[in-house]
Amino acid sequence: MMPVARPAAWDGGVCPFAAGWQRVLMWWFIVGDGLLFGAFLAAYGYARLIATTWPDSSVVFSLPYLAAMTLVLNTSSAMMASGVAAARRGAWPTARRWLLATTLGGVLFLGMQADEWRHAIAAGARLSGNPWGDASFGAYFFLITGFHGTHVLLGVLILTIATARVATRRATPLGIELVGLYWHFVELVWVFIFTLFYLL
Amino acid sequence: MSTQTSVFHSSTVALLFAGLGLGGAWYGASIVMPSLASRHGAGIDSMLSYLLVTTGILFVAGYCALAWFIWTGARRRRIDQRLTRRRTEWLVSGALGLAVGLIAEGGVLAIGMPVWSEYFDATPPADAVTVEITAQQFLWNVRYPGADGQFGRNSAAAMDDVSNPLGLDRADPAGRDDVVTQNVMAVPLGRAVRLRLRSKDVIHSFFLPNFRVKQDIVPGMTPEVVFFPTREGSFEIACSELCGLAHYRMRGFFDVLSPAAFDRWLAEQATPTAGGPR
Amino acid sequence: MKGVVRRGVTMTDRSDRFSAGGESVRLYWATWAALLALTLVMLLLDTAPVARPWLVAVLLVAMLAKVALIAGNFMHLRHAHAGLVWTFIAGLLITGLTLYVLIVPDALRIRDMLVNR
Amino acid sequence: MSHAATTVPGHDQSHPELGFIRRYVFSLDHKVIGIQYIVTGLLMALVGAALATLIRLQLGWPERTWPLLAQLLPKGYAGGVMAPEFYLAVVTMHGTIMVFFFMSYVLVSGFGNYLVPLQVGARDMAFPLANMLSFWIGALSALLMIASFFVEGGAAAAGWTAYPPLSAVATAVPGSGMGQTIWLLSMAFFIASFTLSGLNIVATVFSVRAPGMSMWRMPLTVWSYFIASILGLLAFPALTAAAVMLLFDRHAGTSFFLPAGLVVGGRHLTNSGGSPLLWQHLFWFLGHPEVYVLILPALGIACDIIPAFTRKPIFGYRLSVWCLVAVGALSMVVWGHHMFVSGMSPFTGEYFSIATMTITLPMTVFGVNMLASLRGGAIRMGVPMMFSCAVLALFGSGGLGGLYLGNATADMQLTDTYFVVGHFHMMIGGVTLMATFGGLHYWFPKMFGRMMNETIGKAHFWLTFTPFFIIFFMQHFLGIQGAPRRYYAFTAYDFLRETRIQNLVVSSCAMVLIASQSLFVVNFVWSLFRGAPAADNPWEATTLEWTTSSPPPHDNFGQAELTVHRWPYEYGVESGDRDFADQRVPPGRVPVTA
């Protein structure tokens, strides 16, 4: 629940990053959570450098499918931004529609990722090995995309709650913006995974 | 006022710090390292001596200053107002910080780095004695390449703790004359030693206290160590990275022999069961 | 509140400063288009016969461009106080990069050992 | 608008008739949570000290049998002799408990929770609910860690650093079965708890400072908590990632940390592709900043105690703050100095060596500032001051020891020896322990409204600091003689025969040290009920917590307006019959000096 306005007298009088403490906190959370992905990706880079051969993920995975997944997440993120803008204007019905669309985008992305996993598993990929080469390849694939997928799932849940709150007029513009920050962060992480895991 | 304390009490605290500082330095000066037996070790020892002297002086000075400030402070009723100005603050602590920083950084750059480079960038001389050490819980497998100077093939898949701990391929001609021992190794005086280190299971660390040699053996890595023994004698090998239950007694022996005695020793090791453990 | 305002940083929240009108929504969809274009360019490059070092360099630059677009426009970092921007850049990007850069030499050393075994 | 409405959200102080459970168990009050953390941490310290006793009994008298212990711990002491696997489990758990569940809880989360809102003039933490969650997740993680002693194979035995493959392969050492898994889960809870509490401290410093409390008017304690929290938030994710990966290696068949060709205990493993070195990097990426997370608050606390007992402003306040910032930043890029002989690239070894030495500069400046704060003061040697001087002394000697270990060349001989044990006990053991005792004596009146006993406190200081110094000073020199750490006994080696007497002395001192902690326990409990009633400001100190009652009311400062007018070290000024001005004294009455 976002706090109601409080007198500035207890706010220290100064606001270090000129952003309100809720936003600053959200950014700190993003940095911390982002570093978790940073550590996974650094470990992946490390394993890949050790390996003498590494499968080409753009051959293992379908690039058009990957482009479609990225498009879905990307569009969902833009819709979220539009929803936040609507919430700020006070145009709550518009905000509700954007949020609903965003949530659906998240669900679609999750479905596509599940399908990608299904294909990989059907092809013989396991945590302990895979048909394409170095055992670490499959392990890092499941670890990194699985962790990202968990974040998407969490985001979908948060978005559902936020949509419901908008529908019942209990949401605040700030609350919607914080949800938006999280959702954009999920896309931000995908940009790294897309480039570093799938393309490079 | 509960914070009023007696001058006597404060003085005893001051004396405690002074006593610990001076006593510590006296105790520290009485400790000797394991006797030195390698060439690069002299560099490490001079690094340590440099640090012992500089930090020893700083240590005693710091403890005595602390004691002195407490001693005099306990006898003062009003504070010394001259010592609260900002200009002096930056000067005093900045200068001391720089001085200690220079001692530390200068020591690393001037004394430390040359030794570090000598040790890690050393290209082994052509006549170096090459020995392969394969650590396992809880012993050191030692292998000499034999007369041909070539190690035979071995593989993890063929490793068997009872009959073939190193997984040697008996069909490989290069491996016929390999000499294998456990926990005992010898090298001749006057030649460099080139150790190839491996581990079969967990992380071990090959530690020769007298030679100032310590190298972790991380599985999957094959680090090499090159050093030059400077005197004959029998020395101990210890494991210095926690490796399991018997970590504390994963003891080996490292003998530096005269060249003739070394050749005799190697021939003795080769005869009974070539290629197998003793 | 007098005497506590330092360097002009007061309770006003800078991220309230940008307008929330139709213009920003247009910006979001322009950003969306730019991200899409970058994604397509990256995918095309990946299948094109480009020398590996160039490919890596271009992909990384494109990735950072996408990150800047998302963080700057969607997450409004463009309007934020420098402190917040640096929280993001130093806290996330530089810290993550430091971790990676300082472990790379070890990974290369391990590979050399495996190759020269 | 009345002040009743100005509370932090979710924290309604207008209902003081809360039941016992809401008030003392599931409390949202930062003061109660802080005390809960402190008490939990002190209880864990007793466990850690008991484990230390077992370690020192074994090392001091390796040939003795212990019939009594055989009855108490039939598994670990079969036949009265300590089992090596039990020894390793004890060493591992001693380290884990002391670092994470004692120091972190008492010093960082405990004092941090109690002091930060009070010292910045806030009614509570920014997120009281998250604060409560943080404590209960933390308590769960402590319970889980203790519970691991009772599972099959015993507690984790791979050291507090949990290096794989020892920690990844269940057959490598007995504790690597269920015990290691519980260790990892417990650490995950700990990290969650610490992250919540760290975010809370950052948010509190950012957002709920009282009017006039600018960043440059915050006490050094608050600065140190602020920087330590940021460090924790940046460093912990790497360990979280590593713990997840290690769990996968242990239970899902991945090979993140396991290379090809392992043969453990005669069994061939099918793993391939990983490297144990990766764990070391990820672990120390957290591990090194973590020691600063512990030590910065200790230094901050000492810096707040010293001026109150020298009646003189702290020396070089702004410079000290910048030193804390610099140390925080540098601590993120030097972790490799724990791995100089691990087989890491010699090139990065040189980098880490030079970078580590750079920390000397800000740390020396900070230490000199502390020392200079004593100079020219009118010293009252109360118990908190005695412990603060001990903080300074141990910080100095531990810091000088750091010069040996940060220097790659010297570290080649000293790493993994008792020099390291001596060094880190001086720093994250001693500096923090002394600051904990100093802080407890100093803020006890504020927390409980009663004074602790001075005489017992003084005796406790002598019997704590002196043996502590002797033990860990001597251990440095055991390391110089080459004694490796984590050895169950020093009896197997000729070159360690000389260390027999030293180990005997160390063990004897350890017994004195541990036994004398009963003085503290007695003092703590006795003072809680029978101590002399405390005034609001018994130490005549200047920071905000001393301007409210002892103990403070639920909303910390009552209905009074709270405005800060000056820096936190206004000592040695003319203020009527007093020589200090607290932060709320307006500039008209006493001139503002900073």
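Averaged over the residues of D:237-248, the number of partner chain Cβ atoms lying within 10 Å of the residue Cβ comes to 5. Measure nothing but the geometry: give the 0 to 90° angle between the long axis through the Cα atoms of B:259-270 and the longest principal axis through the Cα atoms of chain B, rounded to 10°. For helix B:259-270, the angle is close to 60 degrees. Summing Lys and Arg as +1 and Asp and Glu as -1 over all other residues whose Cβ lies under 11 Å from the Cβ of B:Val187 gives a net charge of 0. Look at the stretch A:177-190: the mean tally of other chain Cβ atoms within 10 Å of its residues' Cβ atoms is 3. Around the amide H of B:Gly244, modelled in the peptide plane, lies no amide H under 5 Å away from a residue 5 or more places distant or on another chain.
Surface burial for D against B, with a 1.4 Å probe and both sides summed, reaches about 9200 Å² of accessible area. The phi torsions of region D:186-193, fed into the Karplus equation with coefficients 6.51, -1.76 and 1.60 and a -60° offset, translate into couplings of 4, 5, 4, 4, 4, 5, 4, 4 Hz, rounded to whole numbers, with Gly and Pro shown as x.
When the helix-only estimate is applied to chain D (DSSP H runs of n ≥ 4, each -39,500 (n - 2.57), divided by the residue count), what is the mean residue ellipticity at 222 nm, nearest 500 deg cm²/dmol?
Helix contribution divided over all residues of chain D: -19500 deg cm²/dmol.
Shape class of chain B from the alpha-carbon gyration tensor: prolate, with a/c at 1.5 or above and a/b greater than b/c. Based on protein heavy atoms only, chain D ends up with 27 Å² per residue of surface accessible to a 1.4 Å probe. With the simple model of a label 7 Å out from the Cα in the direction of the Cβ, D:Thr455 to A:Ala114 spans 7.4 nm.
Annotation: amide H of B:Leu166 within the under-5 Å range of B:Asp160, sequence separation 5 or more or interchain, hydrogens built in the peptide plane.
Taking Cα atoms only, the orientation of helix D:346-374 departs from the longest principal axis of chain D by about 30 degrees. Peptides A:144-151, D:233-240 ordered by packing proxy, namely the average of other Cβ atoms within 10 Å per residue, highest first: D:233-240, A:144-151. For region D:327-332, putting each phi into the Karplus relation 6.51 cos²θ - 1.76 cosθ + 1.60 with θ = phi - 60° gives couplings of 4, x, 5, 5, 5, 7 Hz, in residue order, rounded to whole numbers and with x for Gly and Pro. Can you list the residues of region B:228-242 whose accessible area drops by at least 30 Å² going from the chain on its own to the full set of protein chains, with a 1.4 Å probe? Residues meeting the cut-off: B:Glu236, B:Ala238, B:Ser240, B:Glu241, B:Leu242. At 1.4 Å probe size, with the rest of the protein present, what percent of the exposed accessible area of chain B is carbon and sulfur atoms? Percent of accessible area from carbon and sulfur atoms in chain B: 61. The calculated FRET efficiency for B:Ala25 paired with B:Asp80, based on their beta-carbon distance and R0 = 22 Å, is about 0.15. Taken about its Cα centre, the protein assembly as shown carries a charge dipole of about 2740 debye when Lys and Arg each add +1 at the Cβ and Asp and Glu each add -1 at the Cβ.
Mean partner shielding of peptide D:160-171, defined as the number of other chain Cβ atoms within 10 Å of each residue Cβ, is 3. Listed cross-link partners D:Lys312/D:Lys458; D:Lys75/D:Lys458; D:Lys31/D:Lys75 are compared with a 30 Å cut-off, the Cα-Cα value being larger for D:Lys75/D:Lys458; D:Lys31/D:Lys75.
Say a paramagnetic label sat at a point 7 Å from the Cα of A:Ser58, along Cα to Cβ; which residues of region C:25-52 have their backbone N under 19 Å from it? Label zone hits: C:35-52. Rounded to the nearest 10 square angstrom, B:His40 shows an accessible area of 10 square angstrom against a 1.4 Å probe. Under the criterion of Cα pairs below 8 Å and six or more residues apart, the relative contact order for chain D equals 15 percent.
Taking a quarter of the surface of the Cα convex hull of region B:7-120, what do you get in nm²?
Taking the Cα atoms of region B:7-120, their convex hull projects to 9.5 nm² on average.
Take chain A and mark each of the trypsin sites (Lys or Arg not before Pro) that is in a DSSP loop with at most 15 other Cβ atoms within 10 Å; the longest unmarked stretch, sites excluded, is A:1-168. The fraction of all Cα pairs in region C:18-79 landing in successive 5 Å bins from 0 to the largest distance is 4, 17, 23, 20, 13, 10, 7, 4, 2, 0, given as whole percents.
Structure remark: mean-square fluctuation, Gaussian network model of chain A, C-alpha springs under 10 Å; the largest value among A:Val59, A:Val186, A:Val31 belongs to A:Val59. A simple rule links phi to the HN-Hα coupling: the Karplus curve 6.51 cos²θ - 1.76 cosθ + 1.60 with θ = phi - 60°, which for region B:115-128 gives 5, 4, 5, 4, 7, 8, 9, 4, 8, x, x, 4, 8, 5 Hz, with x for Gly and Pro. Residues of region B:187-215 that bury at least 40 Å² of accessible area when the other protein chains are present, relative to the chain alone (probe 1.4 Å, heavy atoms, ligands and nucleic acids excluded): B:Lys200, B:Asp201, B:Val202, B:Ile203, B:Phe207, B:Lys214. Highest mean first, the peptides D:468-476, A:66-74 sorted by other C-beta atoms within 10 Å per residue fall in the order D:468-476, A:66-74.
The H on the amide N of B:Met250, modeled in the peptide plane, is under 5 Å from the matching H of B:Cys239, each at least 5 residues off or on a different chain. Can you tell me how the protein assembly as shown classifies by the Cα gyration tensor, rounded, prolate or oblate, using a/c under 1.5 as the rounded cut? Oblate, because a/c is 1.5 or more while a/b does not exceed b/c. Peptide packing: for D:203-210, D:33-40, B:19-26, the average count of neighbouring Cβ atoms within 10 Å per residue gives the ranking D:203-210, D:33-40, B:19-26, highest mean first.
If a/c stays under 1.5 just call it rounded; otherwise compare a/b with b/c (prolate if a/b is bigger, oblate if not). Do that for region D:496-578, with a ≥ b ≥ c from the square roots of the Cα gyration tensor eigenvalues. It is prolate, given that a/c is not under 1.5 and a/b is the larger ratio.
Mean silhouette area of region B:129-270, derived from the convex hull of its C-alpha atoms and averaged over all directions, reads 8.0 nm². Accessible area per residue for region B:7-120 is 50 Å², calculated with a 1.4 Å probe on protein heavy atoms, without ligands, DNA or RNA.
The values are calculated or read from the model by the stated rules, or taken from the named source; none is laboratory data. Computed from a predicted structure; not experimentally measured. All Cβ positions, even for glycine, are placed from backbone atoms using ideal geometry, and neighbour counts span all protein chains on display. Protein only, heavy atoms only, side chains kept; ligands, DNA and RNA dropped before computing areas. Shrake-Rupley method; radii C 1.70, N 1.55, O 1.52, S 1.80 Å.
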